[in-house]
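**Q** What follows is a structure written as structure tokens; I'll ask about it next.
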Amino acid sequence: MLKKKKTEVYALGQHISMSADKARRVIDQIRGRSYEETLMILELMPYRACYPIFKLVYSAAANASYNMGSNEANLVISQAEVNEGSTVKKLKPRARGRSFPIKRSTCHITIVMKDISLDDEYVEIDSLKKPKWKKKYTATAYYDMYSSGGIWDKK
């Protein structure tokens, strides 16, 4: 019986105190990228959601190096998803005996990393490929209406 070598590892973060939509905005930027490129992107993005996602990506890479013995240069984020978690509901007292509901949303983030050295499907990382087309530089001449006088020379 042949045993297939495991090529994917994952890291799961549950009950992260953040809206799922705000976390998805960051996750959409890193899906399908290499590990090193992802770390650079997450360090430079100005969103609050970047820090917990950064920790999860780092944890998934540590899982890959410990469990599979893979190199960090060969890791690619194959799946990244954000699901809504439970919502904490509180009541804030307001004037005249009224109350105002406060909803504190949470989310669950899953990062799945794949080692491309163990998988035959990946030959080259898409984001690091050079474009196949060549740029053709064409000179364009713009008509300058200000140098000829234009509208303002008329009396």
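The values are calculated or read from the model by the stated rules, or taken from the named source; none is laboratory data. The shown structure was predicted, so the numbers you read here are calculated from the model rather than taken from an experiment. Note that each Cβ is placed from the backbone with ideal geometry, even for glycine, and that neighbours are counted across all protein chains shown. Accessible surface areas use protein heavy atoms only, side chains included; no ligands, DNA or RNA. Shrake-Rupley method; radii C 1.70, N 1.55, O 1.52, S 1.80 Å.
**Q** Here are M18, M40: which of them is assigned to a loop (DSSP other than H, G, I, E, B) and aliphatic (A, V, I, L, M)? Walk me through it before giving the result.
**A** Details: M40 fails: assigned to a loop (DSSP other than H, G, I, E, B).
The conditions single out M18.
**Q** Within the stretch 76-108, work out how many residues are more than 15 Å from the chain's Cα centre (by Cα) and either on the phi > 0 side of the Ramachandran plot or free of Cβ contacts under 8 Å to residues at least 60 places away in the same chain (or both).
**A** Final tally of qualifying residues: 17.
**Q** I've got another one for you. Does M68 satisfy the condition of being more than 12 Å from the chain's Cα centre (by Cα), over 22 Å from H108 (Cβ atoms), in contact (Cβ under 8 Å) with a residue 40 or more places away in the chain and surrounded by 13 or more Cβ atoms within 10 Å (Cβ to Cβ)? I'd like the intermediate steps shown before the answer.
**A** Details: more than 12 Å from the chain's Cα centre (by Cα): yes; over 22 Å from H108 (Cβ atoms): yes; in contact (Cβ under 8 Å) with a residue 40 or more places away in the chain: yes; surrounded by 13 or more Cβ atoms within 10 Å (Cβ to Cβ): yes.
Against the criterion (more than 12 Å from the chain's Cα centre (by Cα), over 22 Å from H108 (Cβ atoms), in contact (Cβ under 8 Å) with a residue 40 or more places away in the chain and surrounded by 13 or more Cβ atoms within 10 Å (Cβ to Cβ)), M68 qualifies.
**Q** Can I ask one more? On the basis of being open to solvent by less than 100 Å² (accessible area, probe 1.4 Å) and in contact with an Asp or Glu (Cβ under 9 Å, 6 or more places away or on another chain), does V9 make the cut? Can you show your working first?
**A** Values: open to solvent by less than 100 Å² (accessible area, probe 1.4 Å): yes; in contact with an Asp or Glu (Cβ under 9 Å, 6 or more places away or on another chain): yes.
Here the answer is yes, as V9 does meet what is asked.
**Q** Could you look through the stretch 3-47, keep only residues that are closer than 14 Å to L75 by Cα and free of Cβ contacts under 8 Å to residues at least 40 places away in the same chain, and pick out the one that is farthest from the chain's Cα centre (by Cα)? Walk me through how you get there before you give the answer.
**A** To start, the set of residues in the stretch 3-47 that are closer than 14 Å to L75 by Cα comprises 6-11, 30-39.
From the residues that got through so far, the ones that are free of Cβ contacts under 8 Å to residues at least 40 places away in the same chain too are 36, 38-39.
Numbers: E36: 13, T38: 7, L39: 10 Å.
Only one residue fits best here, namely E36.
**Q** Would you mind telling me which numbered condition in (1) within 24 Å of T7 (Cβ to Cβ); (2) open to solvent by 30 Å² or more (accessible area, probe 1.4 Å); (3) out of contact with any Asp or Glu (no Cβ under 8 Å at 6 or more places or on another chain) N74 fails?
**A** Evaluating N74 over (1) within 24 Å of T7 (Cβ to Cβ); (2) open to solvent by 30 Å² or more (accessible area, probe 1.4 Å); (3) out of contact with any Asp or Glu (no Cβ under 8 Å at 6 or more places or on another chain) leaves (3) as the failure.
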